[in-house]
Amino acid sequence: MTLAAKLNSAAATTPYNGSAPAAVVTKTRALTEVAAMLADESKAVLLLTETTLPQVMKMLQANLLRALKAPKDDFDPDQDLPEKDPAWVHLVVVYEILTSVIQAPIAPRLAKRHITPTFCCQLIGLLRSQDQDERLAVATILHKLYAKFKSLRASFRQTVGYTFLQFVEEPSLYPFGIGELLEVFASIVKGFATPLLPDHATFMAKHVLPLLKPTSLPSYHQPLLLCLTMYLEKDPKTVHPLLSHLVKYWPWQATSKQILFINTLEETLELTPIEEVSTFEKRQIAAVIAKCLQSHHFQVAERTLFLWNNPYLINHSLLNQDHARELLPIFFPALFKAFKLHWNITVRGLARSVLEMYTKYDFAMYRRCLENYEADQLAILEAEDKKEAKWKALFERVSIVG
């Protein structure tokens, strides 16, 4: 059987409900034979000609570019397992063939004619598949495409940016795949030259940082954090839009997201020279940390207090002795309330340890903060007494009139 005949058999539509087992076997055999023929690069370069490459691409598109099955309406990613695509028995071989085509040393002019930006965009769409094996296969191929075809890189990044924003606006369109796409993009950022080009920094601010907003952040936070840390390693100045975004969109009503934001903040401060952070940004961060310390949810307060257990933050960053005079007045009321009033004993113990640390840093400033705190509390009590007295007097006047 010729290559063209095998490609026709491999492109045939096959039912996977068990109604045509012979057709499945025939297609499997055809795909396997094509994969074997193209596995050897020396043979592949001879087989993939101007005549056969369009046929190969047509077969690949016939198998890959299909309507993906949407998850059930009541699908819970934390509880339910995604459905395996019954076509995977053939798709796994199709992806092997596509990998062989990409790696084959064929003429760039011929390859560019068929491996187009549109094809790359369609591949990115396949990351929405429920099948984790397929998402992994697509991500691997996207890596290879970006590495080999420089002419596709600009349009590839544009499509990735559009996909991110589309997900932010309507997360239901991408129930799966954003984590894998972020992993691909992290490897792209790793390859950026330094100093970072303005367009790359703008991409981070406009397309990557908005991914911190969706409620499904826990499902892809790790690869997103990897992307952000790659940017920080390439250019410390990217810390400014990152800190601004964290402060502006801090998820005060979502405990799990708050903890992820604290993790992101800690990682950001670890990777950024403190000299790069402005005084205004330091005060903003300190105010956010102070508000987190007052959280009634013990995990948020506890995770915040663990920032003072980070050796780098204590010795070289925001929480070191050099910043105590400037930032302790912001931290102190929240720290003292956590020590005295928080219902969780672990939080109280951690807050006490932090306060003791500040007494060693700058005892005079600690005493001044304590005196100011006591004076503020006294003023609050006096204001409450005056308010109560006014209400009491008003009730007495009403009762006399009545």
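The values are calculated or read from the model by the stated rules, or taken from the named source; none is laboratory data. On a predicted model such as this, the values are computed, not experimentally measured, just so you know. Positions of Cβ are generated from backbone atoms using ideal geometry, with glycine treated the same way; all protein chains shown enter the neighbour counts. Calculation scope for accessible area: heavy atoms of the full protein, side chains included, ligands and nucleic acids excluded. Shrake-Rupley method; radii C 1.70, N 1.55, O 1.52, S 1.80 Å.
Answer yes or no as to whether Leu152 is more than 12 Å from the chain's Cα centre (by Cα), surrounded by fewer than 18 Cβ atoms within 10 Å (Cβ to Cβ) and not basic (Lys, Arg). For Leu152, the condition - more than 12 Å from the chain's Cα centre (by Cα), surrounded by fewer than 18 Cβ atoms within 10 Å (Cβ to Cβ) and not basic (Lys, Arg) - is not met.
A search for C-beta distances below 6 Å between a residue of region 118-132 that is within 12 Å of Arg66 (Cβ to Cβ) and any residue that is open to solvent by less than 10 Å² (accessible area, probe 1.4 Å), counting only pairs 6+ apart in sequence or on different chains, returns Leu126/Val138; Arg128/Gly177. Checking each residue in region 126-138 for being open to solvent by 10 Å² or more (accessible area, probe 1.4 Å) and under 18 Å from Ala186 (Cα atoms) picks out Arg135, Leu136, Ala137. If you go through region 212-229 and keep only what is in a helix (DSSP H, G or I), without any contact (Cβ under 8 Å) to a residue 60 or more places away in the chain and in contact with a helix residue (DSSP H, G or I) (Cβ under 7 Å, 6 or more places away or on another chain), you end up with Leu212, Leu217, Pro218, His221, Pro223, Leu224, Leu225, Leu226, Cys227, Leu228, Thr229. Scanning region 322-332 for any residue that is more than 34 Å from the chain's Cα centre (by Cα), over 25 Å from Thr255 (Cα atoms) and assigned to a helix (DSSP H, G or I) turns up at least one such residue.
Taking the conditions exactly as written (open to solvent by 30 Å² or more (accessible area, probe 1.4 Å), of a type in the set (A, V, I, L, M, F, W, C) and under 15 Å from the mean Cα position of the chain (by Cα)), does Leu226 satisfy them or not? Against the criterion (open to solvent by 30 Å² or more (accessible area, probe 1.4 Å), of a type in the set (A, V, I, L, M, F, W, C) and under 15 Å from the mean Cα position of the chain (by Cα)), Leu226 qualifies.
Yes or no: Asn315 open to solvent by 80 Å² or more (accessible area, probe 1.4 Å), among the polar types (S, T, N, Q) and free of Cβ contacts under 8 Å to residues at least 24 places away in the same chain? Spelling it out, Asn315 is indeed open to solvent by 80 Å² or more (accessible area, probe 1.4 Å), among the polar types (S, T, N, Q) and free of Cβ contacts under 8 Å to residues at least 24 places away in the same chain. For region 2-34, a residue qualifies if it is of a type in the set (A, V, I, L, M), touching a residue at least 24 places away in the same chain (Cβ under 8 Å) and under 16 Å from Ala62 (Cα atoms), and the qualifying residues are Ala4, Leu7, Ala10, Ala11, Val24, Ala30, Leu31, Val34.
Evaluate the following for Gln253: is it surrounded by fewer than 19 Cβ atoms within 10 Å (Cβ to Cβ), under 27 Å from Leu293 (Cβ atoms), at pLDDT below 95 and not β-branched (Val, Ile, Thr)? So Gln253 passes the test. Of the listed requirements (1) over 27 Å from the mean Cα position of the chain (by Cα); (2) touching a residue at least 40 places away in the same chain (Cβ under 8 Å), Glu356 misses just one: (2).
Only a single criterion out of (1) surrounded by 20 or more Cβ atoms within 10 Å (Cβ to Cβ); (2) aromatic (Phe, Trp, Tyr); (3) not in a helix (DSSP H, G or I) is not satisfied by Phe261, namely (3). If the condition is being farther than 22 Å from Leu68 by Cβ and open to solvent by less than 30 Å² (accessible area, probe 1.4 Å), then region 156-200 contributes Ala186, Ile188, Val189, Phe192, Leu196, His200. Within region 42-68, the set of residues being of a type in the set (A, V, I, L, M, F, W, C), more than 12 Å from Val101 (Cα to Cα) and either in contact with a Pro (Cβ under 9 Å, 6 or more places away or on another chain) or free of Cβ contacts under 8 Å to residues at least 40 places away in the same chain (or both) comprises Ala67 only.
Let's see how each residue does on (1) without any contact (Cβ under 8 Å) to a residue 12 or more places away in the chain; (2) among the aliphatic types (A, V, I, L, M); (3) not in a helix (DSSP H, G or I):
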residue: Val184; (1), (2), (3): no, yes, no
residue: Ile188; (1), (2), (3): no, yes, no
residue: Pro195; (1), (2), (3): no, no, yes
residue: Phe203; (1), (2), (3): no, no, no
residue: Pro210; (1), (2), (3): no, no, no
residue: Leu232; (1), (2), (3): no, yes, no
residue: Trp252; (1), (2), (3): no, no, yes
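Here's the yes/no breakdown for (1) over 23 Å from Leu182 (Cβ atoms); (2) at pLDDT below 90:
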site: Leu60; (1), (2): yes, no
site: Asp78; (1), (2): no, yes
site: Leu98; (1), (2): no, no
site: Arg113; (1), (2): yes, no
